[in-house]
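K.L.:
Before I ask anything, here is the structure I am working with.
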Amino acid sequence: MQLKGKSAIVTGSTSGIGLGIAHALADQGVNIMLNGFGDAKAIEDIKKEIAAKGVKVEYSAADISKPAEIKLMVADAEKLLGSVDILVNNAGIQNVQPIWDFDDAKWDQIIAINLSGAFHAIKAAAPGMMQRKWGRIVNIASVHGLVASAYKSAYVSAKHGIVGLSRAAAVDLAPYGITANAICPGYVDTPLVRKQIPEQMKALNLSEKEVIEKVMLDKHAIKEFVTVDNIAETVIFLCGDAGSKITGIALPVDGGWSAM
């Protein structure tokens, strides 16, 4: 319980990877500021479930595409939880279209949420971390921060940017006892990914097994989905004592995709 008593913001934490990270941090005694969209009752249930672990839990509905709302979320966390010691930038969206036909508004939205949102959150949280001489910033990038795939120009650009932002933040903040790193997952087994399987089956006239093996896991050397727990436990490692001298890295958790 090295992190007990610390406080964290996890963006995009009402489902999927972000929710798994929030649970894992709470298991370590970390107070949590949740963030994301969703049904009010479902969010209240999530708050109660995490609070049952014996930590403080708050929620911000901040839209990560809006810098003013991000700034307010960080200020609220500082006030309600006492500090923001850990910042996990996880919120993200995707759109798949060929570059010559890519929707302009979708490009702007993806860059705003997947990249600029992380910058504004770091900018808002850094002063408090600097004052306390301790902080952990973990940006959830993607294997697409290291390699490209077809029809994902905005997502690939944003995730490459997240890797660069993590390195720049690491250099700027190192003198203050703050680390900044990126995690680069491959295909993670989440409801959002599972939802894509029937769509791919229909579009490509493939079976469920074929979609998983020939489309989703084709580039994984380990022919299995990455799990939410794989990502969450990597966050815990980077935030704990063992990760105290690790900063500015882009760590693939991608089943060997980036090695292929």
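K.L.:
Could you list, in sequence order, all residues of region 172-186 that are closer than 20 Å to residue 91 by Cα and either among the β-branched types (Val, Ile, Thr) or surrounded by fewer than 24 Cβ atoms within 10 Å (Cβ to Cβ) (or both)?
P.N.:
As a first pass, look at region 172-186 and keep what is closer than 20 Å to residue 91 by Cα: 179-186.
Once the filter is applied, which keeps residues that are closer than 20 Å to residue 91 by Cα and either among the β-branched types (Val, Ile, Thr) or surrounded by fewer than 24 Cβ atoms within 10 Å (Cβ to Cβ) (or both), region 172-186 yields 179, 183.
K.L.:
Would you check which residues across region 96-123 are in contact with a strand residue (DSSP E or B) (Cβ under 8 Å, 6 or more places away or on another chain) and touching a residue at least 12 places away in the same chain (Cβ under 8 Å) and list them? Lay out the reasoning, then the answer.
P.N.:
Applying the first criterion (in contact with a strand residue (DSSP E or B) (Cβ under 8 Å, 6 or more places away or on another chain)) to region 96-123 yields 96, 103, 106, 117-118, 121-122.
Scanning region 96-123 gives 96, 106, 117, 118, 121, 122.
Matching residues to (1) over 17 Å from residue 245 (Cα atoms); (2) surrounded by fewer than 18 Cβ atoms within 10 Å (Cβ to Cβ); (3) in contact with a helix residue (DSSP H, G or I) (Cβ under 8 Å, 6 or more places away or on another chain):
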residue	(1), (2), (3)
136	no, no, yes
139	no, no, yes
146	yes, no, yes
154	yes, no, yes
162	yes, no, yes
167	no, yes, no
170	no, no, no
193	yes, yes, yes
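K.L.:
What tally of residues in region 1-41 results from selecting those that are in a helix (DSSP H, G or I) and under 18 Å from residue 192 (Cα atoms)?
P.N.:
Of all residues in region 1-41, those in a helix (DSSP H, G or I) come to 16-27, 40-41.
Cutting the leftovers down to under 18 Å from residue 192 (Cα atoms) gives us 16-22.
Selection size over region 1-41: 7.
K.L.:
Residues that are assigned by TED's automatic domain parsing to the domain that holds residue 17 and farther than 30 Å from residue 6 by Cβ: find the helices (runs of 4 or more DSSP H) completely inside region 93-174 holding 1 or more of those. Outline the logic, then answer.
P.N.:
Numbers: elements: 104-111, 117-132, 153-173.
In region 93-174, the matching helices (runs of 4 or more DSSP H) lie at 104-111, 153-173.
K.L.:
A follow-up question, please. Is it true that residue 36 is crowded, with 23+ Cβ neighbours inside 10 Å and touching a residue at least 40 places away in the same chain (Cβ under 8 Å)?
P.N.:
Here the answer is yes, as residue 36 does meet what is asked.
The values are calculated or read from the model by the stated rules, or taken from the named source; none is laboratory data. Keep in mind that what you see is a predicted model, and the values were worked out from it rather than measured. Here the Cβ is made from the backbone with ideal geometry for all residues, glycine too, and neighbour counts use every protein chain on show.
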